[in-house]
1. Return yes when GLU124 is closer than 19 Å to LEU27 by Cα, of a type in the set (D, E, K, R) and modelled with pLDDT of 95 or more and no when it is not.
2. How many residues, within the stretch 102-124, are of a type in the set (D, E, K, R) and more than 17 Å from the chain's Cα centre (by Cα)?
3. Tally time: how many residues in the stretch 62-117 are farther than 18 Å from PHE33 by Cα and either in a loop (DSSP other than H, G, I, E, B) or touching a strand residue (DSSP E or B) at 6+ places or on another chain (Cβ under 9 Å) (or both)?
4. Starting from the stretch 22-35, keep only residues that are among the β-branched types (Val, Ile, Thr), then list their pairs with residues that are buried (at least 18 other Cβ atoms within 10 Å of the Cβ) whose Cβ atoms are within a distance under 6 Å, requiring at least 6 positions of separation or different chains.
5. So which of SER47, SER104 is touching a helix residue (DSSP H, G or I) at 6+ places or on another chain (Cβ under 7 Å), free of Cβ contacts under 8 Å to residues at least 12 places away in the same chain, farther than 20 Å from ASP12 by Cα and surrounded by 17 or more Cβ atoms within 10 Å (Cβ to Cβ)?
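The values are calculated or read from the model by the stated rules, or taken from the named source; none is laboratory data. Just so it is clear, the structure is predicted and the values come from calculations on it, not from any experiment. Please note: Cβ atoms are built from the backbone with ideal geometry, for glycine as well, and neighbour counts cover all protein chains shown.
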Amino acid sequence: MLYIYFTATSDDEAATALEAPEGPAALFPTAAFNGIDPNMQVPRAESFLTGVGEEAAADNPRAMKLLAEVGEGEVVLVTLTDEFRDAIAATDQPRRRELADFWSHAEDLGGEASAEDLLPVVDELAALAKQAKPTNGHLYCYVAV
């Protein structure tokens, strides 16, 4: 699966990504990754960065809220929480390294990604969040099966 994380100013604006043949990359700042599932890694990261429990992070009304889908779920668009946006935007390089190391031990990643492999992912997500925060933009994930 391909996960394209991006920032937009509203849910309605984000939903336009499904109308673009090239997806969100044609319209918004993006970061694309294989294997960084927003349903698994984002609540874990939010919990790690903020200290709230994973369940509490996942229970947030914006956590993985389905905005739109194409067909039988071949492409879906979900929201990420503003708490995750704020937490990852506030990280410095040492904290991003800690998150990459934390993710590298995740069972669902099967030990296939090292902290060094994941650090660019964390850096790109932090950069997106930093772009979104000053304008009160939100983070989203476009998932293509």
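1. Working: closer than 19 Å to LEU27 by Cα: yes; of a type in the set (D, E, K, R): yes; modelled with pLDDT of 95 or more: yes.
So GLU124 passes the test.
2. Applying the first criterion (of a type in the set (D, E, K, R)) to the stretch 102-124 yields 107-108, 112, 116-117, 123-124.
Those still in the list that are more than 17 Å from the chain's Cα centre (by Cα) too: 107, 112, 116.
Looking only at that region, the number is 3.
3. Kept after step one, since they are farther than 18 Å from PHE33 by Cα, are these residues of the stretch 62-117: 62-63, 65-73, 81-83, 86-87, 89-95, 98.
Next, from what is left, pick out any that are either in a loop (DSSP other than H, G, I, E, B) or touching a strand residue (DSSP E or B) at 6+ places or on another chain (Cβ under 9 Å) (or both): 62-63, 65-73, 81-82, 90-92.
Qualifying residue count, the stretch 62-117: 16.
4. Every condition considered, the pairs that remain are THR30/ILE4; THR30/PHE6; THR30/PRO24.
5. Numbers: SER104 fails: free of Cβ contacts under 8 Å to residues at least 12 places away in the same chain.
None of the other options fit; the residue is SER47.
To keep it simple, each residue is scored yes or no on (1) closer than 21 Å to THR16 by Cβ; (2) touching a Ser or Thr at 6+ places or on another chain (Cβ under 8 Å); (3) not acidic (Asp, Glu).
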| position | (1), (2), (3) |
| --- | --- |
| PRO61 | no, no, yes |
| ARG85 | yes, no, yes |
| ASP108 | no, no, no |
| LYS130 | no, no, yes |
| VAL143 | yes, no, yes |
